[in-house]
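One structure, pasted below without further comment.
The values are calculated or read from the model by the stated rules, or taken from the named source; none is laboratory data. Computed from a prediction, not measured in an experiment: that's the story for all the values here. All Cβ positions, even for glycine, are placed from backbone atoms using ideal geometry, and neighbour counts span all protein chains on display.
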Amino acid sequence: MKLWGGRFTKSAEDWVDAFGASIPFDKELVEEDIEGSLAHVKMLAACGILTEEEASTIKNGLDILLEKAKNNELEYSVQNEDIHLNLEKLLTDEIGPAGGKLHTGRSRNDQIATDMHLYLRKHTEETMEAVKQLQQALLSQAEEHVETIIPGYTHLQRAQPISFAHHLMAYFWMLERDYGRLKDSMKRLNISPLGAGALAGTTFPIDREYSAELLGFDSIYENSLDAVSDRDFILEFMSAASMIMMHLSRLSEEMILWSSQEFNFIELDDTFATGSSIMPQKKNPDMAELVRGKSGRVYGNFVSLLTLLKGLPLAYNKDMQEDKEGMFDTVATLQGSLKIFTGMVETMRVNTDVMAKETHSDFSNATELADYLASKGLPFREAHEVVGKLVLQCIEKDIYLLDLSLKDYKQASSLFEEDIYEVLKPATVVARRNSAGGTGFEQVRKAMDSAKNRIGQK
């Protein structure tokens, strides 16, 4: 007989039970469920709803189950549907009829909501720490390469030379926003639904604020209907997770390109690469590719939950059983991806000689020529045309701007002087871009100081 089976005259067939059961996946919440129950029973005793003896018996039983859960010694049954009923049955088997009193003043609806709040709070904190570790790895690499110059791109075409540290730090600041989103989400995540009941509260004189305090929540839901039907906190985490994965996917793409023979800007450590079963020379950036691919999986979980919730009336509906697997998968995928990336960034080798050669073999210093003429009074649009013709001249001669003679420059504009060759050096080009937030070495170091302060405050 089901624990809720008093009203029923027939039992479902096993295959129906199996279809409706959530225990194969919501057993992930076993520790959170017991943690919530321990707070609930302590509150019930404090309010005089249970005797101290009853509460002590239940607590001792829950402690035994918690220890068994940590040792993977609990056996669950599909017939008991979910983690809540399984634990209630296991508790009753352990301590006798007193176990049936644990459910006083609550419902599985507020119980599962509480479990998920507790689970996601813990994993949000872990994810914030993982983001911080990746930021630290980026910062450490950047410190080694402030004056390493790399071609900067727009449209995947050479644009202007930049500091490699500046490029890496762009991802640091993306992750800083991600960290901020996760931190801000805690304001809406760290709220207790416990005691809201099925949808309407309870007739028992419970103290929801006390159980919230015991569980470390900042406050309680003000509306019982909202408490049991809210999944915004999961959506918010999934949204932040999707943005983090998008940022990782963009960096994946760049590391895949940079580690190719055509670029050869970096080499990934063997730990984060794989070989080919047929081509002995191959070193594939599989971990970066896998993170890039897993971004779609995290997006899918987010869209799936949004779609699940969009047509649901208040309060709880069985549809909401489908909210958990995507949450678990997103947490595991995101945290795994962050850990992989931290390792990849920490151990990658930067081929500074290749980068230096490439920045001397392109036209990414052309803007510097236009700025040079504009600084001497020539309207920028006219300067742009002059430089464009010089670039075309170089292309026709198969040379670069630093290879043009001063005579060629003078023929293009009398404003050119001998100092133009110093101005066109990649190091000069980068150093001169000293506006706030720019790639100039001074600005990059200033930004990194700011980044270190941010890390230190976390």
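Inside region 76-96, can you point out the residues that are surrounded by fewer than 16 Cβ atoms within 10 Å (Cβ to Cβ) and either over 21 Å from G20 (Cα atoms) or at pLDDT 95 or above (or both)?
Once the filter is applied, which keeps residues that are surrounded by fewer than 16 Cβ atoms within 10 Å (Cβ to Cβ) and either over 21 Å from G20 (Cα atoms) or at pLDDT 95 or above (or both), region 76-96 yields D93, G96.
Of all residues in region 408-426, count the ones that are within 21 Å of S361 (Cα to Cα) and basic (K, R).
1
Yes or no: V350 hydrophobic (A, V, I, L, M, F, W, C), touching a Pro at 6+ places or on another chain (Cβ under 9 Å) and either under 30 Å from D269 (Cβ atoms) or at pLDDT 95 or above (or both)?
Judged against the criteria, V350 is not a match.
Still on this structure: For region 22-71, list the helices (runs of 4 or more DSSP H) that sit wholly inside it and hold at least 1 residues that are outside the structural domain of L120 (by TED's automatic domain parsing), farther than 17 Å from R208 by Cα and at pLDDT below 95; which are they?
Correct list: 23-26.
Would it be correct to say that V78 is closer than 27 Å to E322 by Cα and not assigned by TED's automatic domain parsing to the domain that holds V331?
yes
Right, next: Restricting attention to region 179-186, does a residue exist that is in contact with a His (Cβ under 6 Å, 6 or more places away or on another chain) and among the small types (G, A, S)?
No, there is no match, as no residue in region 179-186 is in contact with a His (Cβ under 6 Å, 6 or more places away or on another chain) and among the small types (G, A, S).
Given the criteria buried (at least 18 other Cβ atoms within 10 Å of the Cβ) and modelled with pLDDT of 95 or more, does S219 qualify?
no
Out of region 72-95, which residues are part of a helix (DSSP H, G or I) and charged (D, E, K, R)?
Of everything in region 72-95, those that are part of a helix (DSSP H, G or I) and charged (D, E, K, R) turn out to be E88, K89, D93, E94.
With respect to L268, determine if the residue is in contact (Cβ under 8 Å) with a residue 40 or more places away in the chain and exposed (fewer than 14 other Cβ atoms within 10 Å of the Cβ).
no
Then there is this: State which residue is farthest from the chain's Cα centre (by Cα) when the search covers only region 438-458 and only residues that are part of a loop (DSSP other than H, G, I, E, B) and surrounded by fewer than 15 Cβ atoms within 10 Å (Cβ to Cβ).
This residue is Q457.
Would you mind stating whether S277 is modelled with pLDDT of 95 or more and either exposed (fewer than 15 other Cβ atoms within 10 Å of the Cβ) or of a type outside the set (F, W, Y) (or both)?
no
So, one more: Those residues that are surrounded by fewer than 18 Cβ atoms within 10 Å (Cβ to Cβ), closer than 17 Å to M344 by Cβ and either over 22 Å from the mean Cα position of the chain (by Cα) or not assigned by TED's automatic domain parsing to the domain that holds E125 (or both), I need them from region 237-262; list them, please.
Of everything in region 237-262, those that are surrounded by fewer than 18 Cβ atoms within 10 Å (Cβ to Cβ), closer than 17 Å to M344 by Cβ and either over 22 Å from the mean Cα position of the chain (by Cα) or not assigned by TED's automatic domain parsing to the domain that holds E125 (or both) turn out to be L257, S260.
Here's another thing I want to ask about it. Take the conditions free of Cβ contacts under 8 Å to residues at least 24 places away in the same chain and among the aromatic types (F, W, Y) and apply them to F341. Does it pass?
For F341, the condition - free of Cβ contacts under 8 Å to residues at least 24 places away in the same chain and among the aromatic types (F, W, Y) - is not met.
Could you grab me the full set of residues in region 393-437 that are buried (at least 16 other Cβ atoms within 10 Å of the Cβ), of a type in the set (G, A, S) and touching a residue at least 24 places away in the same chain (Cβ under 8 Å)?
A412, S413
Against the conditions (1) out of contact with any strand residue (DSSP E or B) (no Cβ under 6 Å at 6 or more places or on another chain); (2) touching a residue at least 24 places away in the same chain (Cβ under 8 Å), where does A170 fall short? Just the number, please.
(2) is the only condition that A170 fails.
Do we find that S414 is within 45 Å of the chain's Cα centre (by Cα) and over 22 Å from R158 (Cα atoms) in this structure?
no
Yes/no per residue for (1) over 19 Å from R121 (Cβ atoms); (2) among the small types (G, A, S):
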| site | (1), (2) |
| --- | --- |
| G20 | yes, yes |
| E31 | no, no |
| V41 | yes, no |
| I58 | yes, no |
| A69 | no, yes |
